[in-house]
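Visitor: Have a look at this one.
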Amino acid sequence: MLTTMVVLPAVGALVIGLLPARRKETLRLVAVLFSLLAAVFAVWTLLQFDSGDAGFQLVDRATWIPEFGISWYLGVDGISLFLVVLTGILFPIAIIAVDPHHDDKAYFAWLLVLEAGCLGVFVALDLFVFFVMFEIVLVPMYFLIGGWGYERRVYAALKFFLFTMSGSAFMLVGILALVILHAQATDAPITFDLVRIAEDPQIAMTTARWLFLAFGISFAIKVPLFPFHTWLPDAHTEAPTAGSVILAGVLLKLGTYGFIRFGLYLFPEAASYFAPAMVTLGVIGVTYGAVVATMQKDLKRLVAYSSVAHLGFIILGTFAITTQGMEGGLLQMVNHGLSTGALFLLVGMIYERRHTREIVRLRGLQKAAPVLAAIFTVVMLSSIGLPGLNGFVGEFLILVGSFLTRRWWTVVAASGVILAALYLLWAYQRVFHGTPDDENAAVRDVKLGEILVMAPLLGLIVFLGVYPKPVLDRMQPSVDRLIEHVETHSCAADGGSCFEQPTVASEEDR
């Protein structure tokens with residue numbers, strides 16, 4: 001099942017490559033069809049998932065390169081499940097919602113290659129397979145930004161590629177060092193099996209900390225975590241609308257997911273050791289991203305900086321190393337993908353109508369396009385974290401979970417909620433309120449097709465805000481198991497004397 005889900009978009013890209021470029025409608029239909037098939041498999045994975053099992057499920061495994069212990073090893077657990085579903089949902093929406101300005105054939109093919117890489121990252125349980133998938137996503141995103149972006153697209157694409165490629169070099173060195181040292185310590189053949197290496201840690205404590213840093217630099221750039229964030233505003237601003245949706249909704253999660261799946265799982269003692277530093281950088285990102293977003297004149301750039309703030313929250317929840325904090329971080333990954341992806345779609349609709357994203361030139365759009373304003377309001381409030389919408393649940397769990405172990409940093413991070421309300425409400429006021437000029441008064445409202453594209457995102461925003469229990473129930477066993485793994489190995493490395501911290505919540509507390 002998982003192999004088919006990963007391979008389907010790649011097959012779709014190959015089919016598009018064999019079709020003539022002049023058949024634009026056929027190219028689009030093939031792209032939509034294969035992305036929807038991948039979405040069906042992602043939803044089927046969700047339906048087949050056993051919520052009471054903390055281990056990896058629906059495992060596909062086959063020997064790939066036996067000489068080096070490399071296998072095609074895929075599986076999902078409660079940590080990766082909903083990122084797989086999010087990827088499956090966002091790609092067909094992005095493909096349907098946005099028409100490329102030129103060269104439809106290459107555009108749709110690159111999007112499908114990107115989807116295959118993203119799905120592969122979230123289900124890979126072999127370090128070599130993970131690295132290959134992690135690198136694959138760079139190429140299509142580079143060409144999407146550079147080929148279909150805006151004025152400074154080549155600069156933004158090159159900056160994105162250089163930043164992320166540099167980080168990947170550190171991770172490649174870390175992976176090779178890890179598997180060789182593990183083989184030497186266990187006197188066993190080399191293996192890239194994530195589970196085997198994580199469950200039988202034989203690396204010296206100091207070495208593990210250096211390896212954590214090698215992985216961590218790569219993931220921090222991909223998140224991006226302050227101060228590695230400078231590529232993100234340029235990439236978002238210059239990327240085409242579909243590229244921005246996927247970049248915010250899926251690609252940024254490769255970094256936050258990497259910290260959980262590989263940072264905490266492979267190097268539990270090192271993750272605990274560096275947790276204060278990671279929380280500090282996350283909180284700086286929360287406040288810095290919010291303050292800089294408030295100052296932006298470009299609406300799309302404002303949304304881009306809001307991602308820096310939201311991802312800082314996710315890092316805070318992850319490295320609080322509590323059940324509530326990590327569940328909140330995982331849920332906020334999904335929430336951010338839905339809310340910010342929807343915001344980029346709406347900004348793209350505004351740009352198509354007005355051919356500008358400058359806030360000062362957008363005024364009074366609510367009178368000309370009331371339905372667009374209403375949809376923007378719901379999505380904006382979900383990004384702020386209004387109770388009843390998805391953003392509130394994730395932020396609340398992060399703050400509760402981090403308060404148990406990182407009290408003062410949590411107090412500082414809570415200011416980010418206030419700042420988010422400031423920059424988003426102020427932007428909404430300037431764009432949609434007031435008296436429109438002639439150009440703004442002529443803006444047409446959203447069409448039925450655009451409403452249908454936004455409907456799944458709006459439905460999930462409301463559902464996760466009102467009833468997140470099915471999602472949290474499927475996350476909890478895997479999260480509890482990971483936290484127990486971190487605490488056990490951290491205590492062992494500390495000679496058995498660990499400070500006690502409240503981590504796993506009882507059913508009554510939940």
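A short reminder: the numbers here are calculations on the coordinates, not readings from a lab. If you're wondering where the values come from, they're calculated on a predicted model, not measured in any experiment. We place every Cβ from the backbone using ideal geometry, glycine too, and count neighbours over all the protein chains shown.
Visitor: Filter segment 31-55 for residues that are in contact with a Pro (Cβ under 7 Å, 6 or more places away or on another chain) and outside any loop (DSSP other than H, G, I, E, B); which is nearest to G120 (Cα to Cα)? Outline the logic, then answer.
Guide: The first filter runs over segment 31-55 and keeps only residues in contact with a Pro (Cβ under 7 Å, 6 or more places away or on another chain), leaving 32, 34-36, 38-39, 52-54.
When the remaining residues are screened for being outside any loop (DSSP other than H, G, I, E, B), the result is 32, 34-36, 38-39.
Numbers: V32: 19, F34: 16, S35: 14, L36: 17, A38: 12, A39: 14 Å.
That would be A38.
One line per residue, one yes/no per condition, for (1) in contact with a Gly (Cβ under 9 Å, 6 or more places away or on another chain); (2) in a helix (DSSP H, G or I); (3) more than 16 Å from F392 (Cβ to Cβ); (4) among the small types (G, A, S):
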{"position": "A290", "(1), (2), (3), (4)": "yes, yes, yes, yes"}
{"position": "Q296", "(1), (2), (3), (4)": "no, no, yes, no"}
{"position": "L302", "(1), (2), (3), (4)": "no, yes, yes, no"}
{"position": "I315", "(1), (2), (3), (4)": "yes, yes, yes, no"}
{"position": "L331", "(1), (2), (3), (4)": "yes, yes, no, no"}
{"position": "L345", "(1), (2), (3), (4)": "no, yes, yes, no"}
{"position": "G348", "(1), (2), (3), (4)": "no, yes, yes, yes"}
{"position": "Y351", "(1), (2), (3), (4)": "no, yes, yes, no"}
{"position": "V360", "(1), (2), (3), (4)": "no, yes, yes, no"}
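Visitor: Tell me the residue from L144, L178 that is more than 19 Å from the chain's Cα centre (by Cα), assigned to a helix (DSSP H, G or I) and either touching a residue at least 24 places away in the same chain (Cβ under 8 Å) or crowded, with 22+ Cβ neighbours inside 10 Å (or both), please.
Guide: L178
Visitor: Check Y155 against each of (1) in contact with a strand residue (DSSP E or B) (Cβ under 6 Å, 6 or more places away or on another chain); (2) aromatic (F, W, Y); (3) surrounded by fewer than 22 Cβ atoms within 10 Å (Cβ to Cβ) and name the one condition it does not meet.
Guide: (1)
Visitor: Does L58 fit the bill of being surrounded by 14 or more Cβ atoms within 10 Å (Cβ to Cβ) and either touching a residue at least 12 places away in the same chain (Cβ under 8 Å) or assigned to a helix (DSSP H, G or I) (or both)?
Guide: When the stated conditions are applied, L58 passes them.
Visitor: What number of residues in segment 15-30 are free of Cβ contacts under 8 Å to residues at least 24 places away in the same chain, assigned to a helix (DSSP H, G or I) and over 19 Å from I96 (Cβ atoms)?
Guide: Total satisfying the criteria: 1.
Visitor: Touching a helix residue (DSSP H, G or I) at 6+ places or on another chain (Cβ under 9 Å), without any contact (Cβ under 8 Å) to a residue 40 or more places away in the chain, in a helix (DSSP H, G or I) and surrounded by 15 or more Cβ atoms within 10 Å (Cβ to Cβ): does that describe A421?
Guide: So A421 passes the test.
Visitor: From the set of residues in segment 31-45 that are touching a residue at least 60 places away in the same chain (Cβ under 8 Å) and under 19 Å from the mean Cα position of the chain (by Cα), which is surrounded by the most Cβ atoms within 10 Å (Cβ to Cβ)?
Guide: Initial filter on segment 31-45 (touching a residue at least 60 places away in the same chain (Cβ under 8 Å)): 31-32, 34-35, 38, 42.
With under 19 Å from the mean Cα position of the chain (by Cα) added as a condition, the list becomes 35, 38, 42.
Numbers: S35: 26, A38: 28, A42: 25.
The qualifying residue surrounded by the most Cβ atoms within 10 Å (Cβ to Cβ) is A38.
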